[in-house]
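Trainee: Pasting in a structure now, in structure tokens, and then I'll have a few things to ask.
The values are calculated or read from the model by the stated rules, or taken from the named source; none is laboratory data. All of these numbers come straight from a predicted model, not from anything done at the bench. Quick reminder, even Gly has a Cβ in these numbers, built from the backbone with ideal geometry, and neighbours come from all protein chains shown. Heavy atoms of the whole protein, side chains included, go into the accessibility calculation; ligands, DNA and RNA do not. Shrake-Rupley method; radii C 1.70, N 1.55, O 1.52, S 1.80 Å.
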Amino acid sequence: MRLFHQIAELRTYLHSLRQEEKSVGFVPTMGALHEGHLSLFRRAKADCDIAVASIFVNPTQFGPNEDFQSYPRTLQQDLQLATTVGLDAVFAPDVEEMYPAGFQTKVEVEHLSRPLEGIHRPGHFAGVATVVTKLLNIVQPDRAYFGQKDYQQAVIIERMVRDLNIPTEVVVLPTVREPDGLALSSRNAYLSPEERQKATVLFRALLLAQQALCRGERNAEKIRKEMEAFLGLEPSAWVDYVAIVNPETLESVKTIGEQDTVLVALAVRIGTTRLIDNMLLTAQGASLTPMQLRRGEKG
Ligand code: AMP
């Protein structure tokens, strides 16, 4: 596996592969790799001739009081993991390589960036959209892979790629979970053993929404309130938001029609660790993957 720190060297490597007409799959990450990331790497490798990942903790997507400094950085271990799944190359630039002196451009996806995470993390998605644009321009992949775990991020990137005519297919893969339902996340490393137990409350709240739909509840506000009340029973859980929204527009849903699929999304702090999770649920309570939703399947 090749490791690049410089944009120019990565470009030279990719240029020679493109001349051989190799297809390129790309997975942007912030490192501290886990099975969620590896599922994207495996898919990139299965779909494309060459699989490339980036590992870059992007400062511009962190707020001033967020965890940029403390975000886990485990490059040596990450490289070993990447090798085990057959990744061909890793791009791990430093901040100056990505944002040299004088940098002043921003990519903003307007409406989709406002609700949910956008309310609690102002500027976050402009940071994400900008760095992903840069990475897609650097790598010029045929396909780029993202996780449902960060659902809002994925729809923002799909929109951005269409709006800016970026010639890359965006693929969104399902959330990989621990056996007890906790979505894998690099930030789970912040949790104490007790907090780790309590963190399953996010998944259990999503299951509650699923059960409510299964028993015929169609009032989104009632389901939301039920989830909030449940989360309120966990003293170390602080709810940032619980939302039931249209999965394409991310606008709030009031009544869930029989043919509808909704995104149930939440952000909860367990102690000082902020976790997010979501499910795509049909009115009947079936859980869909983003690709099933896009294909119009009903679960
Ligand atoms: P990150 O390193 O957290 O920026 O994540 C890099 C990519 O991995 C993003 O597209 C995430 O949505 C995806 N990802 C993170 N956690 C998971 C997970 N548990 N399952 C699937 N994809 C994930």
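Trainee: Considering only residues that are aliphatic (A, V, I, L, M) and either assigned to a loop (DSSP other than H, G, I, E, B) or out of contact with any helix residue (DSSP H, G or I) (no Cβ under 6 Å at 6 or more places or on another chain) (or both), which ones fall in segment 56-94?
Mentor: Within segment 56-94, the first condition is being aliphatic (A, V, I, L, M), and the residues that meet it are 57, 75, 79, 81-82, 85, 87, 89-90, 92.
Listed by number, the residues that qualify are Val57, Leu75, Leu79, Leu81, Ala82, Val85, Leu87, Ala89, Ala92.
Trainee: Shifting gears a bit: With respect to Met98, is the statement that it is away from the ligand (no atom under 13 Å from the Cβ) and either among the aromatic types (Phe, Trp, Tyr) or over 18 Å from Ile138 (Cα atoms) (or both) true? If you could, list the steps in order and put the result at the bottom.
Mentor: Values: away from the ligand (no atom under 13 Å from the Cβ): yes; either among the aromatic types (Phe, Trp, Tyr) or over 18 Å from Ile138 (Cα atoms) (or both): no.
Criteria not met by Met98.
Trainee: Please go through segment 22-34 and give me each residue that is within 19 Å of Asp142 (Cα to Cα), within 14 Å of the ligand (Cβ to nearest atom) and in contact with a Leu (Cβ under 7 Å, 6 or more places away or on another chain), ordered by number. Lay out the reasoning, then the answer.
Mentor: First, the residues of segment 22-34 that are within 19 Å of Asp142 (Cα to Cα): 22-29.
Narrowing further to those that are within 14 Å of the ligand (Cβ to nearest atom): 25-29.
Scanning segment 22-34 gives Val27, Pro28.
Trainee: Could you identify the single residue in Asp163, Asp240 that is more than 20 Å from Ala265 (Cβ to Cβ) and modelled with pLDDT of 95 or more?
Mentor: Working: Asp240 fails: more than 20 Å from Ala265 (Cβ to Cβ).
Only one candidate passes the filter, namely Asp163.
Trainee: Quick check: anything in segment 93-109 open to solvent by 20 Å² or more (accessible area, probe 1.4 Å), over 23 Å from Thr175 (Cα atoms), without any contact (Cβ under 8 Å) to a residue 60 or more places away in the chain and among the hydroxyl-bearing types (Ser, Thr, Tyr)?
Mentor: Step one: list which residues in segment 93-109 are open to solvent by 20 Å² or more (accessible area, probe 1.4 Å), which gives 94-97, 99-108.
Next, only the ones that are over 23 Å from Thr175 (Cα atoms) stay: 94-97, 99-108.
Now drop any that are not without any contact (Cβ under 8 Å) to a residue 60 or more places away in the chain, which leaves 95-96, 99-108.
Next, only the ones that are among the hydroxyl-bearing types (Ser, Thr, Tyr) stay: 99, 105.
The answer is yes, given that some residue of segment 93-109 is open to solvent by 20 Å² or more (accessible area, probe 1.4 Å), over 23 Å from Thr175 (Cα atoms), without any contact (Cβ under 8 Å) to a residue 60 or more places away in the chain and among the hydroxyl-bearing types (Ser, Thr, Tyr).
Trainee: Kindly provide the set of residues from segment 35-54 that are of a type outside the set (S, T, N, Q), open to solvent by less than 70 Å² (accessible area, probe 1.4 Å) and either more than 7 Å from the ligand (Cβ to nearest atom) or farther than 25 Å from Glu178 by Cα (or both), ordered by number. Talk me through it step by step, then tell me what you get.
Mentor: We begin by selecting, within segment 35-54, every residue of a type outside the set (S, T, N, Q); these are 35-38, 40-53.
Going one step further and asking which of them are open to solvent by less than 70 Å² (accessible area, probe 1.4 Å), we end up with 36-38, 40-41, 44-45, 47-48, 50-53.
Hits for segment 35-54 are Leu38, Phe41, Ala44, Lys45, Asp47, Cys48, Ile50, Ala51, Val52, Ala53.
Trainee: Moving to a separate point now. Inspect segment 253-269 for any residue being under 22 Å from Glu297 (Cβ atoms), open to solvent by 10 Å² or more (accessible area, probe 1.4 Å) and touching a Ser or Thr at 6+ places or on another chain (Cβ under 6 Å) and give the result as yes or no.
Mentor: yes
Each row is one residue, and each column tells you yes or no for (1) more than 16 Å from the ligand (Cβ to nearest atom); (2) over 24 Å from Thr74 (Cβ atoms); (3) among the aliphatic types (A, V, I, L, M); (4) surrounded by 20 or more Cβ atoms within 10 Å (Cβ to Cβ).
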{"residue": "Leu136", "(1), (2), (3), (4)": "no, yes, yes, yes"}
{"residue": "Val201", "(1), (2), (3), (4)": "yes, yes, yes, yes"}
{"residue": "Gln210", "(1), (2), (3), (4)": "yes, yes, no, no"}
{"residue": "Gly216", "(1), (2), (3), (4)": "yes, yes, no, no"}
